[in-house]
1. Can you find even one residue in the range 59-71 that is within 25 Å of residue 151 (Cα to Cα), in contact (Cβ under 8 Å) with a residue 12 or more places away in the chain and either part of a helix (DSSP H, G or I) or under 13 Å from the mean Cα position of the chain (by Cα) (or both)?
2. Going through the range 98-113 one residue at a time, which ones are touching a helix residue (DSSP H, G or I) at 6+ places or on another chain (Cβ under 6 Å) and outside any helix (DSSP H, G or I)?
3. Could you identify the single residue in 83, 88, 36 that is more than 13 Å from the chain's Cα centre (by Cα) and exposed (fewer than 15 other Cβ atoms within 10 Å of the Cβ)?
4. Just for the range 11-29: of the residues that are part of a helix (DSSP H, G or I), in contact with a helix residue (DSSP H, G or I) (Cβ under 8 Å, 6 or more places away or on another chain) and without any contact (Cβ under 8 Å) to a residue 60 or more places away in the chain, which one is farthest from residue 188 (Cα to Cα)?
5. Tell me, please, whether a residue that is under 14 Å from the mean Cα position of the chain (by Cα) and modelled with pLDDT of 90 or more can be found in the range 156-178.
6. Restricting the search to the range 114-123, which residues are part of a helix (DSSP H, G or I) and either more than 24 Å from residue 29 (Cβ to Cβ) or touching a residue at least 60 places away in the same chain (Cβ under 8 Å) (or both)?
7. Is at least one residue of the range 44-61 closer than 15 Å to residue 26 by Cα, modelled with pLDDT of 90 or more and surrounded by fewer than 18 Cβ atoms within 10 Å (Cβ to Cβ)?
8. Look through 146, 126, 94, 130 and report the one residue that is within 25 Å of residue 14 (Cα to Cα), surrounded by 17 or more Cβ atoms within 10 Å (Cβ to Cβ), touching a residue at least 24 places away in the same chain (Cβ under 8 Å) and out of contact with any strand residue (DSSP E or B) (no Cβ under 6 Å at 6 or more places or on another chain).
C-alpha cells in the first residue's frame, strides 16, 4: 500500500520503473525504437484500462510519490486514452498552475483531446500567465499545444499571441539567455497526440 492506496494505483506512476521521469519533457520519445515501442505499448494499454476512479486519484497528486509525478502520468493517460470526461479537472489544474512539471502533462492531454474547448482552456491559461513575465510555468507547453491544435483543426487561435511584439514575444523577451525550444515542444506534443 502507498499512503493507504492500492499498489495498483501507484504502479501507473512508476510503470515498473519510473514512468513519470520518462513522461517528463516527453523523454521516452528520444529512446531507441525498441525501448520506445515497449514503453508506448504499456502506456497505451494503461490509458485504455485504468479506471476513472484511479485516474481521479492520480490527479489529486496525493500518493506518496510526490505531488507532480502522479499528476503528469494521469494527464498523459487521459490524453492518450482520450478520456474527455477529465477535460474539466485537467483544465482547472492547468489554470491553477500550482505544481511544477504537471502542467506539461495537462497541455499534452488537452492537445490530444483536440476540441475547441481544449483550445479555449489553453488560450485562457496563456491569457492569464503570459502577462506574468516573472513566472515561468508551462507557457511554452501551452503555446506549443495551442499551435498544434490550430494545425490539426485548421484554426488560428494562436495567431493573436504570436504577433510581432505580441504576448508571446513579450514573454519570450523576458527570458534572457534561455532557449525557448518551441519547435521541439511542438513536435513532442504532435508525437504524443499520435499515440493510441
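1. No, the range 59-71 contains no residue that is within 25 Å of residue 151 (Cα to Cα), in contact (Cβ under 8 Å) with a residue 12 or more places away in the chain and either part of a helix (DSSP H, G or I) or under 13 Å from the mean Cα position of the chain (by Cα) (or both).
2. 99, 100, 101
3. On inspection, the qualifying residue turns out to be 88.
4. Out of the qualifying residues, it is 14.
5. no
6. Taking the range 114-123 first, the residues part of a helix (DSSP H, G or I) are 116-123.
Selection gives 116, 117, 120, 123.
7. Yes, the conditions are met somewhere in the range 44-61.
8. On the way: 146 fails: within 25 Å of residue 14 (Cα to Cα); 126 fails: within 25 Å of residue 14 (Cα to Cα); 130 fails: within 25 Å of residue 14 (Cα to Cα).
Among 146, 126, 94, 130, only 94 is within 25 Å of residue 14 (Cα to Cα), surrounded by 17 or more Cβ atoms within 10 Å (Cβ to Cβ), touching a residue at least 24 places away in the same chain (Cβ under 8 Å) and out of contact with any strand residue (DSSP E or B) (no Cβ under 6 Å at 6 or more places or on another chain).
The values are calculated or read from the model by the stated rules, or taken from the named source; none is laboratory data. What you are looking at is a predicted structure, and each value in this text was computed from that prediction instead of being measured. Glycine also receives a Cβ, built like all others from the backbone with ideal geometry; neighbour counts cover every protein chain displayed.
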